[in-house]
Amino acid sequence: MSRCIRMVAMPVGAGLVALALTGCAGEDSHAPKGETMFSIGARASVPGLDADGNEIPSATDDNELINDWFIAFVDESGTVARIVRRYPSGSTQSASPVELDFFNTQLAPGDYTAVAFANIDPADLGLTFSEGSQAPAGALGDAPFTINAGALTASDLIPMAGRQKVRVTGQVTQPFSIEVVRLVAKVELMFSNATDSGITLHNLWMRPMGKGNVNLFPDYSSLGKRPALRADADTLTMVRRLDATLTPMSERSVTHTFYTLESDASKFHKTGHYALLLDVTHRSGDTGRAVRDTVTMLTPDLTYINRNDYIRIPVRLADYVVRMDVQFYPPIGGYPAVVNEQRGSDFYISFGTQGVFSITPLVREAVAGSQWMQPSQLGIEVLAVEGDPIFAVKPTYDSSTGEITGELNASEGTAVVTIKTDIPGTRLSYERKIYIIRDNRKK
């Protein structure tokens, strides 16, 4: 049978990585005369709460901090008045990740647009800045940005960008600030095994993830909220190779992290949520044999991903044993022959004569000592009845008794009843096929 997975996901409001610029001028300034002293600070993501109410630590791995930066101050005429950078891309001088940096520069009083980048050279984006020349149009407009975010690893620097107005008046200890924001989101999956046997994780698919162009510069008002996507935004199915093993009865023993562009599931998936497919090998609770399954699930509390978000998704793997309890009530003088056989996840029930029958699905967790759930706890629905015309009354589900009931006629043949069962407390459902066989030889 398929492994049913309990999954809760919630987006956590992420903070910004800040470039805090502070300027001062005057006789008592520490800056040389004629220069303005600035400080640049990187602020880690604001801690939030995961789905279990635990505080999430700041997502500040070294590659997510400022390793190198570039700032261009553009005056009101569109001219680049000053460029300041720390360890430009291609420099042979290694840069240690920082949260705070300082520099001095000359900047005349006036209004400027500070265009800032971290961990990426604007020239690689097609934006060329030169002091005394006009700033590239994309620096002041809605420049697009695209990257294969899923290919980023812990050894890749995470690109950041920001743009903000500043006014230099020449006052002593005048504060300035500009924030650069990571252009991608970080997603962390945490796998737990609630079964008494090992589970091998092979592959993961997640959709609809962001693809194509996003705006290079952030909309600061939408951070931590549903993103405002570009009109040409597209999606893809993110494919991740896991190749990991979960030990029996282990809590969050395996984690997998990747980066992604911003996206909005409500616009690109019919459910309004993200769909995950997990490819696993496990020991079947029904047969005890190793089986390889692909399980589909939805993120119930995750409907969008914004840049700079830090998303944590706990995934709990729990196996279930499914049985079908069959009762048969043939007419007076009829022989109550019933053969109930399970083959993998399908059930084959053979009847030797006509009559009324009932089928009660039974479910329990596949761990020692677990109890069968009450039929009233399960959400059961008959999805389809197909095949030969062997029913005097087609099978239907009676929620008051928890039974699927029907009546067989005198005809021989085979029909297939497809049912859906919701596992309580998991927000998951699975389908099973029951083959109803009417065969006089079973008398």
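The values are calculated or read from the model by the stated rules, or taken from the named source; none is laboratory data. Just so it is clear, the model here is predicted, and its values are computed rather than measured. Reconstructed Cβ throughout: ideal geometry from the backbone, glycine too, with neighbour counts over all protein chains shown. Keep in mind that these areas ignore ligands, DNA and RNA; they rest on the heavy atoms of the full protein, side chains included. Shrake-Rupley method; radii C 1.70, N 1.55, O 1.52, S 1.80 Å.
Some observations on this one:
- Index of the failed condition, Ala161 passing every other in (1) part of a loop (DSSP other than H, G, I, E, B); (2) buried (at least 16 other Cβ atoms within 10 Å of the Cβ); (3) of a type in the set (A, V, I, L, M, F, W, C): (1)
- Lys267 meets the conditions (1) more than 11 Å from the chain's Cα centre (by Cα); (2) crowded, with 20+ Cβ neighbours inside 10 Å; (3) closer than 20 Å to Met297 by Cα in every case but one. The failed one is (2).
- Applying the criterion of being part of a strand (DSSP E or B), within 24 Å of Lys433 (Cβ to Cβ) and open to solvent by 30 Å² or more (accessible area, probe 1.4 Å) to the residues of segment 288-325, the residue that is modelled with the lowest pLDDT is Thr296.
- Screening segment 109-153 for residues that are among the β-branched types (Val, Ile, Thr) and assigned to a strand (DSSP E or B) and picking the one that is most open to solvent (accessible area, probe 1.4 Å) gives Thr113.
- Qualifying residue in segment 238-250 (condition: of a type in the set (Asp, Glu) and farther than 25 Å from Val115 by Cα): yes
- Condition met for Gly224 (in contact (Cβ under 8 Å) with a residue 12 or more places away in the chain, within 30 Å of Ala114 (Cα to Cα) and not in a loop (DSSP other than H, G, I, E, B)): no
- Within segment 83-107, tally of residues that are open to solvent by 60 Å² or more (accessible area, probe 1.4 Å) and either polar (S, T, N, Q) or at pLDDT 85 or above (or both): 7
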